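Worksheet: one structure, shown below.
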Amino acid sequence: MNPTLQFLKLQFVVITLHIVRGQIVINGEQIVPMDILSKRLRERAEQLGISNAEAARRVGLDERRYAHYVAGRREPDLAILVRIALSLGTTPNWLLGVAGHADAVAETTDLLERFANAANGMTLEELQLCIILAEAIVAAKTRR
């Protein structure tokens, strides 16, 4: 191909760059900064009350490798990201800061953890009453 023709073809390539809610979008593809992932990894470990070493153990990764993800020095491939999310009881979308259903899942997880912590301080009879109440709420919703 003639060099002038190649130049003409190249000058029509347009790259669109947008910043959407603090995330970079290039030609419609969302690029998630790794500082979001590292922040979410720290946040999730704190929610679970575990150290980075324990998180790495749960995921089945070398502690040093996991520390690179937490520090934002490296990014996991998709398979590792999914493994991290499953091991920490969350979703890849939440870890990457993608809004939507993942936020609801994280909120539900937080509430269930709070309920479980409260239940640990209850007697068996109090726990049974809470379960009956929860079942009554669900039954009332299904009758509507």
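All of the numbers you see were taken from the coordinates with simple rules; none came from a lab. All values derive from a computational prediction rather than experimental measurement. A quick note on method: Cβ atoms are made from the backbone with ideal geometry, for glycine too, and the neighbour counts reach across all protein chains shown.
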Given contacts defined as C-alpha pairs under 8 Å and at least six residues apart, what's the relative contact order of segment 41-144, whole-number percent? 17 percent
Could you order peptides 37-44, 56-63 by the average number of other Cβ atoms within 10 Å of their residues, highest first? 37-44, 56-63
Amide H neighbours of Thr90 at under 5 Å, excluding residues fewer than 5 places away on the same chain, with H built from the backbone geometry, are none
